[in-house]
Amino acid sequence: MTYDQLLKLAYKKVYQHDAEEEAAKLLLLELSGMTPHAFYLSLKSPVEPAFETLYLEKLDEYLIEGKPVQHILGYSYFFGYKLYVDDRVLIPRPETEQLTDHVLYYYDRYFQKVQVRVLDLGTGSGCIGLTLAKEEPMMDVTISDISFDALEVATKNQELLKTQATVIQSDLFENIKGTFDIIVSNPPYIPDDEAVGRTVDKEPDVALYGGKLGIEFYEKILNEASKYLNSKGLIAFEHGYQQKEAIYQSAKNNFPEAIILQMKDLAGKDRFTLIGLGGVLSEEK
């Protein structure tokens, strides 16, 4: 059997289980150990029987057990970095890469490469805060989470990325000291009664659900953030597309003088809210 034939067999199985072809392809690519370019050049090459058995066993974990491919592999890619993930943390999403990119862009634009203190609230795997620390040496980053399990994962990723960040166990601001120039957060935002997909259901509830309307954590953060944000500061959120107006109103209530910028993700859904103080975002419309 060739890689191409094995992939076609996988697609038949995927169709029978109403699953995702891209997940089956990703699993095959990553287990092969090849680069994407080498993989596509090898589609007509024969597959070793032992590898075929391994792949089909792992595919069954995805199709039958509903285990996310990233949990099967033990890693996920974020901003070009390979991060360790397991069922203790949310799997990093492309939208969160966009949030990280927005923070880097507005840091360059409004903080002009000076040293800043950054707080990543509810860090999970550490993907946002650790990537910021890796990408911008002038960022003094603190990552925090209520979950000790999540912080174990984040600490492992800190070692993998060989970057520096202060790690704090905290229920939002509970154990946070001092003030910050940038506060970034991708807190749980799925409404409590909303159904999620089978593989998403394998991720921790504490990282998914955000109260009746999904905005509970945003309101808590915004209600307290003024005590932890410097006079020239930025708050950056990722959120659900249906929560744009509620988060805008909460931001306006807590920071009436702030500039509030809301943006869509690559799928055209309202996904990000940025709140700027002291001239940050002052030129945005």
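Yes/no matrix, rows are residues, columns are (1) within 23 Å of Leu119 (Cα to Cα); (2) acidic (Asp, Glu); (3) at pLDDT below 95:
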{"site": "Tyr209", "(1), (2), (3)": "yes, no, yes"}
{"site": "Gly240", "(1), (2), (3)": "yes, no, yes"}
{"site": "Ala251", "(1), (2), (3)": "yes, no, no"}
{"site": "Ala267", "(1), (2), (3)": "no, no, yes"}
{"site": "Lys285", "(1), (2), (3)": "no, no, yes"}
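Considering only residues that are touching a residue at least 40 places away in the same chain (Cβ under 8 Å), in a loop (DSSP other than H, G, I, E, B) and farther than 24 Å from Val89 by Cα, which ones fall in region 26-68?
Leu43, Lys44, Ser45, Val47
Does Ile235 satisfy being out of contact with any Lys or Arg (no Cβ under 8 Å at 6 or more places or on another chain) and closer than 19 Å to Leu104 by Cα?
On the way: out of contact with any Lys or Arg (no Cβ under 8 Å at 6 or more places or on another chain): yes; closer than 19 Å to Leu104 by Cα: yes.
So Ile235 passes the test.
Could you run through region 100-126 and say how many residues are at positive phi and touching a residue at least 24 places away in the same chain (Cβ under 8 Å)? Quick ask: steps written out before the conclusion?
To start, the set of residues in region 100-126 that are at positive phi comprises 112-113, 122, 124, 126.
Checking which are touching a residue at least 24 places away in the same chain (Cβ under 8 Å) leaves us with 113, 122, 124, 126.
The number of residues fulfilling the criteria is 4.
Would you mind finding the one in Ser76, Ser42 that is out of contact with any Pro (no Cβ under 6 Å at 6 or more places or on another chain), of a type in the set (S, T, N, Q) and farther than 30 Å from Ser231 by Cβ?
Details: Ser76 fails: out of contact with any Pro (no Cβ under 6 Å at 6 or more places or on another chain).
Ser42 is the lone residue from the list that is out of contact with any Pro (no Cβ under 6 Å at 6 or more places or on another chain), of a type in the set (S, T, N, Q) and farther than 30 Å from Ser231 by Cβ.
Table: residues versus (1) at pLDDT 90 or above; (2) in the same structural domain as Asp120 (by TED's automatic domain parsing); (3) in contact with a Phe, Trp or Tyr (Cβ under 9 Å, 6 or more places away or on another chain).
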site	(1), (2), (3)
Asp201	no, yes, no
Glu219	yes, yes, no
Gln243	no, yes, yes
Glu257	yes, yes, no
Met263	yes, yes, yes
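When region 89-119 is examined, which residues are found to be within 16 Å of Asn186 (Cβ to Cβ) and part of a loop (DSSP other than H, G, I, E, B)?
Val89, Leu90, Ile91, Pro92, Arg93, listed by residue number.
Conditions tested, residue by residue: (1) touching an Asp or Glu at 6+ places or on another chain (Cβ under 6 Å); (2) of a type outside the set (Asp, Glu); (3) farther than 26 Å from Ser282 by Cβ.
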residue: Glu57; (1), (2), (3): no, no, yes
residue: Leu73; (1), (2), (3): yes, yes, yes
residue: Val85; (1), (2), (3): no, yes, yes
residue: Pro94; (1), (2), (3): no, yes, yes
residue: Tyr107; (1), (2), (3): no, yes, no
residue: Val114; (1), (2), (3): no, yes, no
residue: Val118; (1), (2), (3): no, yes, no
residue: Asp140; (1), (2), (3): no, no, no
residue: Thr166; (1), (2), (3): no, yes, yes
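What residue, among those in region 46-105 that are β-branched (Val, Ile, Thr) and over 30 Å from Ile146 (Cα atoms), is farthest from the chain's Cα centre (by Cα)?
Step one: of region 46-105, the residues β-branched (Val, Ile, Thr) are 47, 53, 64, 69, 72, 85, 89, 91, 96, 100, 103.
Imposing the further condition that a residue be over 30 Å from Ile146 (Cα atoms) reduces the set to 47, 53, 64.
Values: Val47: 34, Thr53: 32, Ile64: 26 Å.
Looking at residues that are β-branched (Val, Ile, Thr) and over 30 Å from Ile146 (Cα atoms), I get Val47.
Among (1) at pLDDT 95 or above; (2) more than 29 Å from Lys269 (Cα to Cα), where does Ala24 come up short?
Here Ala24 clears every test but (2).
Given the conditions (1) in contact with an Asp or Glu (Cβ under 8 Å, 6 or more places away or on another chain); (2) modelled with pLDDT of 95 or more, and given that Ser32 satisfies all but one, which numbered condition is not satisfied?
Failing condition for Ser32: (1).
Output the number of residues of region 229-255 satisfying the condition of being surrounded by 20 or more Cβ atoms within 10 Å (Cβ to Cβ), farther than 15 Å from Val103 by Cβ and among the aromatic types (Phe, Trp, Tyr).
Residues flagged as surrounded by 20 or more Cβ atoms within 10 Å (Cβ to Cβ), farther than 15 Å from Val103 by Cβ and among the aromatic types (Phe, Trp, Tyr) within region 229-255 amount to 0.
When you go through (1) among the hydroxyl-bearing types (Ser, Thr, Tyr); (2) under 13 Å from Tyr106 (Cβ atoms); (3) assigned by TED's automatic domain parsing to the domain that holds Pro187 one by one for Ser282, which number turns out not to apply?
All conditions pass for Ser282, except number (3).
The values are calculated or read from the model by the stated rules, or taken from the named source; none is laboratory data. Owing to the predicted nature of the structure, the values given are computational and were not obtained by experimental measurement. All Cβ positions, glycine included, derive from the backbone under ideal geometry; neighbour counts span all protein chains shown.
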